[in-house]
Amino acid sequence: MVHGWCSTGILRSQMGAGRLAGGAESSRWHLTLYLPHEDSRVDRGYELRNALSSVHYAVMGSFGFAEPGHAEVASPLYNRPPIRDHSPINSIHELVVLLLDRGAPSNKLLLAVTASGFSYALARADTEVRAPLRSDDGRGQAGPFTLTPGRLAYFEICYNVYRNGWARVFDAATSCPYAYHGQEWVTYDDADSVRAKVAFLRNRTLGGAALMDVAADDYMGMCGPRNVLARTLRSALKHYSPPAPSSLSPRAKKRAAVQRQKHYPRVARQLFGKRHFG
């Protein structure tokens, strides 16, 4: 998996003559690229069309949309009204629209589903989405297994819901659940939200999905069948085949050409300084 600024020349030189991408002889290897959900990082850090032509798939950073200071749903399919104006990308839907507009082929985009939840400590007994957080760092208590403030594994969350009296709420606006107990609040994915995400990716003819943090799934069966997130994802994707790549729209082609013209001088200035490249 490749992070950060992406040079297609480096990618191709590392792949060699079909060793990692392209050709039946490389079927054991799949090269993937991770794409962040911030539009500024996508525009500044990636030669998007060229990079995606050099890899098999691109995993979208489709979680972690929450902003500091408030309890937010971390992987919303859609914006939860009222729409926030100060952050360009607030949902998976907006991220997909952005990447398609930048020329990404839909059948190479993988929607990331994480088995880890983001937990918060609320400032008061307000448990609604966007409730204010405690005045310190606002992170929730560490779980008994993961021992990390602000993060809980799915198996810790489901155990709290089924055994420890946490209340679960499914937020219809974002198609995501959250759970709370007292002033502890956590946003996460469960079987219902996974099915909603797969329905979305099927509708948008994306390439598929990627389960992140597999070890955080309920691999011990503490809340029912083992590995419920992985099983649900596999079941929901059954018989789904993304379509063959389609040609870019005129708008996407024009935008890609403009991006190429702007990208190379900017990268050269960053690497070698303004005195050599204006």
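Derivation of every value follows stated rules applied to the coordinates shown; laboratory data play no part. Note that this is a predicted model, so its numbers are computed, not measured. Cβ atoms come from the backbone with ideal geometry, glycine included; neighbour counts cover every protein chain shown.
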Check: Hey, any idea what Rg/Rh is for segment 114-222, computing Rh the Kirkwood way over Cα pairs?
Finding: 0.99
Checklist line | Theoretical gain in end-to-end length, Asn203 to Val169 [0.36 nm per residue, Cα-Cα removed] | finding: 9.7 nm
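Quick check: net charge around Thr146, other residues with Cβ under 14 Å of its Cβ, Lys/Arg +1 and Asp/Glu -1?
Working: positive: Arg139, Arg151; negative: Glu156, Asp213, Asp217, Asp218.
The answer is -2.
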Next item on the list: Take each of the peptides 107-116, 232-241, 155-164, average the number of other beta-carbon atoms within 10 Å over its residues, and list them starting from the highest.
Entry: 107-116, 155-164, 232-241
